[in-house]
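The values are calculated or read from the model by the stated rules, or taken from the named source; none is laboratory data. Predicted model, so just to flag it, every value in this text is computed and none were measured. Ideal geometry is used to build each Cβ from the backbone, glycine not excepted, and the neighbour counts take in all protein chains shown. To get the accessible areas, we keep the full protein, side chains included, count just its heavy atoms, and leave off ligands, DNA and RNA. Shrake-Rupley method; radii C 1.70, N 1.55, O 1.52, S 1.80 Å.
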Amino acid sequence: MAEIEPMRDGKIVDGKIALSTSLWDTSLEMPPRQDASEVDGRDANTPDKWIKRHPEMLRNTGAHPFNSEPPLKRLQEAGWITPPSLHVVRNHGAVPQLSWSEHQLKITGVPKPVNLSMEQIASGEWGTIVSIPVTFICAGNRRKEQNMTKKTVGFDWGAGAVGNSVWTGVRLCDLLAAVGITRPSKEHRFVHFEGPLGELPQGKTGSYGTSIDLGWALDRERDVLLAFKQNGELLTPDHGFPLRTLLPGCIGGRMIKWLTSMWVSDKPSENHYHYFDNRVLPPHVDADLACAEGWWYKPEYIINHMNINSAMFEPRHNSFVKEVSFPKTLKVSGYAYTGGGHKIIRAEISLDSGKSWEITELSRPEDEIAEARGTDKHWCWAWWETEVDMSRLLDSSCEEICCRAWDSNQNCQPVQLTWTVMGMLNNPIYRIKIHRENNMLWFEHPTQGSMPGGWMTDQAGQFNENFAVEATPGKSGVAPLRPVAAVWKGAKIDSVSAASPSSQDAFKTTKAGKLVQSTDEWLSGISMEEVKKHDNETSCWFVVKGNVYDGTPYLQDHPGGASSILLAGGLEATEDFEAVHSTRAWEMLKDYYIGPLKSQKAQTLARPGQDLVKLLSIFASLGLCLVFWVRFGRSSSREPATSAFRDNCGQP
Ligand code: HEM
């Protein structure tokens, strides 16, 4: 083994990491890590207050749990290899605090069960240590486009839920061989992975787990790793320190972080998240039907391998070119990825809403690595770019720039979005709208992840001066003669128009919700002062759309964990609630209603004795808070939950 695949322990030498190859040596330069130097104020009151996170990472579920993607601009500027600090993170709850010296991986259900320390795993005695570049993608990448069409059960992700790093670890097939498993049998068909027990609110064991077919795990060509390093350094807590699984070509949701136990059995996983997460169901199935008809349990709807996808880095959202300084050409660039080890063979753009497609210049740094490895497997994203003649963009018949990619299996992205209840693997062609106004041209992406803006959102068509950036001119100023890939001769393809999401109407009733108690007084109106007093485990109220809810009885069962509700305790939480929840969750919310919020006016009238000076001082401090808030953004999670992540202003 060691002869055909030498030990590659991921050490950085002269800024480079030697990769695992069998034919000749090759290495990859590592980008600057860009680690944060201090804990972000937004984490201060959460269980993750010990973790330093890049301040520009966009938070898609408020302050906690940390579900985060980099703005597209930062992702692109970081380069083809993504530093851990700017790499997408999906956490279902608090990050477990584990130690390298004490952590053990328990392996059972095998002929030679064993508990392995991290030192043992990293020693190379249980399998050669290998280093390979792999693109990691959250299956929710681009989900906000689905949510803007109709709310799914998942929270918003923009197009930045993707990162590419060099991962170092031991091959699962080698480790399995060392514990006595070299091929599937009737008793040995699935390999299970699980994180720490009791880590999460849901499921019998409270742990995140899944299983994959043993044949997949044993296939050396599929490069399944138990990884302990990312880009040459030990994993960061958010990426699974000290040990995680890494399944190239697969969705992130199957790669278990903080890996604690592994076993082999004759049945697939029964873990809660194995069934109720990472599924693509047919579009007619909503959350209720999925439960009523058992769709979660149908094995064919599980998702493992990534589908083909692409998106544009440039022109950036809200970027512009002014008439006085129109460049000759404009740079159009983006990324593309696919699953299952296939490779992206071309990326195309269309300037006529998909009737014809023109081939762009593709960059696939992985080719040389795959060659040196002697494999046809491709696990990394491809980048592409081209330049477009400004005269074509100025022509009013050009309404949008679209992109799509093709892979070596001739898979291509669909023209239209297909809605599904979890909104996963969303991959229709990516469309940037072109606006012509005030002697300038400006560009609008479909969404912005957790940031406001985008032609699919309520803010469609609104140019934001505060975040405006100049679009990048083309490199050479001469548009290449791009080969036209295909021309659609059929009926006109309409460009997709902006769909306004229908936000939930304010809920009105005179009765308390089924699961809480209220009083006549509260049902006639509750002051914000009263709400503020209920901000802890014994009584946790929050305000959504002018109504007050008592979330206390739901703390322990909440899928987002008790801390998400506690963080909203005593606060106005409409925007954060809206960002995350499905129609079903909005229905459930009604059961926790305890009364309407008293309007500011009503509260003032109810206290005629209050002198004017006191009122003025309240308004003055409110004004000051607002100025402070707008100026510095939110740094403490005890500030109003509303807009918790909207002010994180690194515009993609
Ligand atoms: C009693 C009130 C609440 C109910 C009934 C409720 C219900 C739910 C449900 C059913 C989900 C699963 C996803 C879905 O179906 O939408 C969920 C997820 C979530 N909720 Fe709530 N929720 C409540 C309050 C809150 C509050 C006040 C916050 C914070 C503002 C919050 C933050 C979250 C987060 C972050 C998740 C996502 C967890 C993940 O997927 O990682 N929830 N909630």
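Would you mind stating whether L72 is away from the ligand (no atom under 16 Å from the Cβ) and not assigned by TED's automatic domain parsing to the domain that holds S363?
yes
Among the candidates I302, I345, single out the residue that is assigned by TED's automatic domain parsing to the domain that holds N426, under 29 Å from T245 (Cα atoms) and either within 20 Å of the chain's Cα centre (by Cα) or not aromatic (F, W, Y) (or both).
I345
Scan the stretch 38-62 residue by residue and report those that are open to solvent by less than 10 Å² (accessible area, probe 1.4 Å) and in a loop (DSSP other than H, G, I, E, B). Give the derivation first.
Filtering the stretch 38-62 down to residues open to solvent by less than 10 Å² (accessible area, probe 1.4 Å) leaves 43, 46, 48, 51, 53, 57-60, 62.
Answer for the stretch 38-62, where residues must be open to solvent by less than 10 Å² (accessible area, probe 1.4 Å) and in a loop (DSSP other than H, G, I, E, B): T46, D48, I51, R53, M57.
For residues in the stretch 80-98 being polar (S, T, N, Q) and either open to solvent by 10 Å² or more (accessible area, probe 1.4 Å) or more than 12 Å from the chain's Cα centre (by Cα) (or both), which is nearest to A382 (Cα to Cα)?
Let us first name the residues in the stretch 80-98 that are polar (S, T, N, Q), namely 82, 85, 91, 97.
Going one step further and asking which of them are either open to solvent by 10 Å² or more (accessible area, probe 1.4 Å) or more than 12 Å from the chain's Cα centre (by Cα) (or both), we end up with 82, 85, 97.
Numbers: T82: 13, S85: 21, Q97: 35 Å.
This residue is T82.
Restricting to the stretch 77-103, what's the tally of residues that are in contact (Cβ under 8 Å) with a residue 60 or more places away in the chain, more than 16 Å from the ligand (Cβ to nearest atom) and over 17 Å from N231 (Cα atoms)?
Residues that pass the stated criteria total 5.
For the stretch 308-339, give me the residue count where each residue is in contact with a Ser or Thr (Cβ under 7 Å, 6 or more places away or on another chain) and in a loop (DSSP other than H, G, I, E, B).
Residues meeting the conditions: 1.
Would you mind stating whether W357 is open to solvent by less than 10 Å² (accessible area, probe 1.4 Å), in the same structural domain as T457 (by TED's automatic domain parsing), more than 21 Å from the chain's Cα centre (by Cα) and at negative phi?
So W357 fits the description; yes.
Does the stretch 269-285 hold any residues that are over 17 Å from the mean Cα position of the chain (by Cα) and outside any loop (DSSP other than H, G, I, E, B), and which are they? So that I can check it myself, show each step before the final result.
To start, the set of residues in the stretch 269-285 that are over 17 Å from the mean Cα position of the chain (by Cα) comprises 269-272, 274-276, 281-285.
Selection gives H272, H274, Y275, F276.
Which is in a loop (DSSP other than H, G, I, E, B), closer than 27 Å to F313 by Cβ and charged (D, E, K, R), of D9, D25, D35?
D35
Being within 16 Å of the ligand (Cβ to nearest atom) and of a type outside the set (D, E), is that true of even one residue in the stretch 20-27?
no
For every residue, the table says whether it meets (1) at pLDDT 95 or above; (2) in contact with a helix residue (DSSP H, G or I) (Cβ under 8 Å, 6 or more places away or on another chain); (3) crowded, with 21+ Cβ neighbours inside 10 Å; (4) within 25 Å of R53 (Cα to Cα).
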| position | (1), (2), (3), (4) |
| --- | --- |
| I181 | yes, yes, yes, no |
| V191 | yes, yes, yes, no |
| G198 | no, no, no, yes |
| P201 | no, yes, no, yes |
| I212 | yes, yes, yes, no |
| W216 | yes, yes, no, no |
| L234 | yes, no, no, yes |
| G240 | yes, no, yes, yes |
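Could you please tell me which pairs satisfy a Cβ distance under 6 Å, a separation of 6+ or placement on different chains, a first residue in the stretch 374-403 that is more than 22 Å from H435 (Cβ to Cβ), and a second residue that is open to solvent by 20 Å² or more (accessible area, probe 1.4 Å) and not acidic (D, E)?
G374/S22; G374/L23; H378/K343; A382/L362; A382/R364; W383/S363; W384/L362
Given the structure, is G215 of a type in the set (G, A, S) and within 21 Å of W263 (Cβ to Cβ)? First the steps, then the outcome.
Numbers: of a type in the set (G, A, S): yes; within 21 Å of W263 (Cβ to Cβ): yes.
Judged against the criteria, G215 is a match.
Can you tell me which residue within the stretch 99-126, out of those that are under 22 Å from V166 (Cβ atoms) and of a type in the set (A, V, I, L, M), is most open to solvent (accessible area, probe 1.4 Å)?
Here the answer is A122.
Evaluate the stretch 423-436: report whether one residue or more is in contact with a helix residue (DSSP H, G or I) (Cβ under 7 Å, 6 or more places away or on another chain) and among the aromatic types (F, W, Y).
no
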